[in-house]
Amino acid sequence: MQTSTQTEFISFLQEELAIPLTEIDWVLRRLDSDQDLNQLHMVLWQYGLLTLPQLNQALDWLEAS
């Protein structure tokens with residue numbers, strides 16, 4: 001189950017970093033648990049779906065939340 005912050009983070013990924021929802025969904029289907037959902041940004045980066053600058057933006061967003 002996604003929390004409000006997780007839903008807002010997914011919106012951030014789509015709107016600010018232009019990560020297509022199809023790619024986010026693809027990664028989400030590969031995660032095992034809610035704990036893994038907290039690592040969504042790292043998994044996107046590991047699969048090459050986020051650049052290093054985008055990963056830094058995601059980390060900044062998460063820190064500010």
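In table form, for the structure just shown:
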item	result
Filter result (modelled with pLDDT under 90 and either under 14 Å from ALA58 (Cβ atoms) or surrounded by 14 or more Cβ atoms within 10 Å (Cβ to Cβ) (or both)) within region 29-40	LEU31, ASP36, LEU37, ASN38, GLN39
Residue count for region 41-65, restricted to those that are surrounded by 16 or more Cβ atoms within 10 Å (Cβ to Cβ) and under 15 Å from THR5 (Cα atoms)	3
Residue list for region 40-65, restricted to those being over 18 Å from SER11 (Cβ atoms) and under 10 Å from the mean Cα position of the chain (by Cα)	MET42, TRP45
Any hit, region 2-10, residues being open to solvent by 60 Å² or more (accessible area, probe 1.4 Å) and at pLDDT 90 or above	yes
Condition broken by ALA18, with the remaining ones in (1) on the phi > 0 side of the Ramachandran plot; (2) open to solvent by 90 Å² or more (accessible area, probe 1.4 Å) satisfied	(2)
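The values are calculated or read from the model by the stated rules, or taken from the named source; none is laboratory data. This one's a predicted model, so the numbers in the text were calculated from it and none came from an experiment. When we count neighbours, we look across all protein chains shown, and the Cβ atoms used for this are built from the backbone with ideal geometry, even at glycine. These area figures cover heavy atoms from the full protein model, side chains too; ligands, DNA and RNA do not enter into them. Shrake-Rupley method; radii C 1.70, N 1.55, O 1.52, S 1.80 Å.
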